[in-house]
Amino acid sequence: MSEATTTAPPTTIASPVTDPPRDKLTKKAITADHPTWCPGCGDFAVLASFYKVLEKRQLDHEKIVTLAGIGCSSRFPYFVNGHGAHYIHGRAVPLASGISLARPDLHVFLFGGDGDGFSIGGNHLDHGARKNINMTYFIMDNFVYGLTKKQTSPTSPIGFKSKTDPTGAIDQPVNPMKKLIAGGATFIARTHATQVKHMMEMIERAFDHQGFSVIECLSECVEFFPDVFDPADPKKGGSFEVIQEKKWDNTPEDELRHDVTDELAAYKLAQLPFPGVFGVFYQNDRPTKNALEKKWIESSREKTANASDLELLQKTFDRMK
Ligand SMILES: Cc1ncc(C[n+]2csc(CCOP(=O)(O)OP(=O)(O)O)c2C)c(N)n1
Ligand code: SF4
Ligand SMILES: [Mg+2]
């Protein structure tokens, strides 16, 4: 008798490994400590807008990362319940770069001030921008060093009297939009902390952009530079002028609208006198370092017959013998 038996083929058990339903991401779930800013500080509205965006987009809670340097604005990660770090003054971009490149599945949000971003961290900002590393960087620009109690910042206007310039600042301030365009950031926008709807729209668009996206937000320091942004606040007699973007609809009025992919046009907008205009100045789709590095790692792996990290390390040690 043949050994062969006629057994029924194994039943493929369809085991749908479905994730359990997720809890809704609520403001309560995202909120951590009570913010410690001075009453009336513009940064409160930024935090509220960020909570709203997270709630609206229902991001996976465990994938939210908030990082910052040092400053009043850089306290941000304390107030968000997620992964986060309050890092070294001006060094948050390199930290965020490492996290973004190593864990492209995470949503990397970076927060900071004008001093942190344009002064001590100015060089890191340029390199994050030119490398187009995927992250969303929100700069709360109050034209002053708030945390250290009123020193001239890189965006303080000429004539601003501070503890470092008691007779008035004499140095040409940084133009954030021009710096970011020249640096190579691939999404550059400007907003105002009193305009919550606009702020949310800019955060969402920056978040949806693949690459180094930066938003400069005029956020008033009520303690050390009050009322400086009133000229762009309609509630205080100013005018909040929003950039009209091209719709590519072949209408004569569209000729006059802003093409966000046009670098020179973005420079022209950046040149307008204070308070200037608000919205997206520039956006392009240059490949991210994340994507380029992934490609390079994959092709290197192919060349080594998909050897494991340990095998590659062992080979390196063997060569050293
Ligand atoms: C290496 C280093 N240099 C200087 C300081 C002091 N310091 C802390 S915050 C800050 C400026 C913060 O200004 P900004 O980034 O504009 O944030 P704001 O407080 O205005 O939100 C400075 C100079 C520091 N903590 N570390
Ligand atoms: S010092 Fe200025 S920037 Fe800092 S919390 Fe107070 S108002 Fe805000
Ligand atoms: Mg500041």
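Numbers for the structure displayed
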| read-out | value |
| --- | --- |
| Residue identified as of a type in the set (D, E, K, R) and crowded, with 16+ Cβ neighbours inside 10 Å among Asp208, Asp171, Asp165 | Asp165 |
| Lys178 vs. criteria open to solvent by 50 Å² or more (accessible area, probe 1.4 Å), farther than 30 Å from Lys52 by Cα, basic (Lys, Arg) and modelled with pLDDT of 95 or more | no |
| Residue among Phe240, Phe207, Phe212 that is over 22 Å from the mean Cα position of the chain (by Cα) and of a type in the set (Phe, Trp, Tyr) | Phe240 |
| Any hit, the stretch 78-90, residues being within 17 Å of His34 (Cα to Cα), touching a His at 6+ places or on another chain (Cβ under 9 Å), open to solvent by less than 40 Å² (accessible area, probe 1.4 Å) and within 16 Å of ligand 2 (Cβ to nearest atom) | yes |
| Test set (1) in contact with a helix residue (DSSP H, G or I) (Cβ under 7 Å, 6 or more places away or on another chain); (2) closer than 24 Å to Asn132 by Cβ - Lys294 fails condition number | (1) |
| Complete set of residues in the stretch 97-149 that are among the charged types (D, E, K, R) and either away from ligand 3 (no atom under 16 Å from the Cβ) or buried (at least 19 other Cβ atoms within 10 Å of the Cβ) (or both) | Arg103, Asp105, Asp114, Asp116, Asp126, Arg130, Lys131, Asp141 |
| Filter pass, Pro173 being within 16 Å of ligand 2 (Cβ to nearest atom) and either touching a Phe, Trp or Tyr at 6+ places or on another chain (Cβ under 9 Å) or at positive phi (or both) | no |
| Subset of the stretch 25-70 [among the polar types (S, T, N, Q), in contact with a Leu (Cβ under 7 Å, 6 or more places away or on another chain) and open to solvent by less than 60 Å² (accessible area, probe 1.4 Å)] | none |
| Selection count, the stretch 236-290, where residues are touching a residue at least 24 places away in the same chain (Cβ under 8 Å), of a type in the set (Gly, Ala, Ser) and assigned to a helix (DSSP H, G or I) | 2 |
| Failed item in (1) within 16 Å of ligand 2 (Cβ to nearest atom); (2) modelled with pLDDT under 95, with Arg301 passing the rest | (1) |
| Any strands (runs of 3 or more DSSP E) falling wholly within the stretch 30-115 and containing at least 2 residues that are hydrophobic (A, V, I, L, M, F, W, C) | 64-68, 107-113 |
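The values are calculated or read from the model by the stated rules, or taken from the named source; none is laboratory data. As the structure is a computational prediction, the values presented were derived from the model and not from experiment. Virtual Cβ from ideal backbone geometry, glycine too; neighbours counted across all protein chains shown. To get the accessible areas, we keep the full protein, side chains included, count just its heavy atoms, and leave off ligands, DNA and RNA. Shrake-Rupley method; radii C 1.70, N 1.55, O 1.52, S 1.80 Å.
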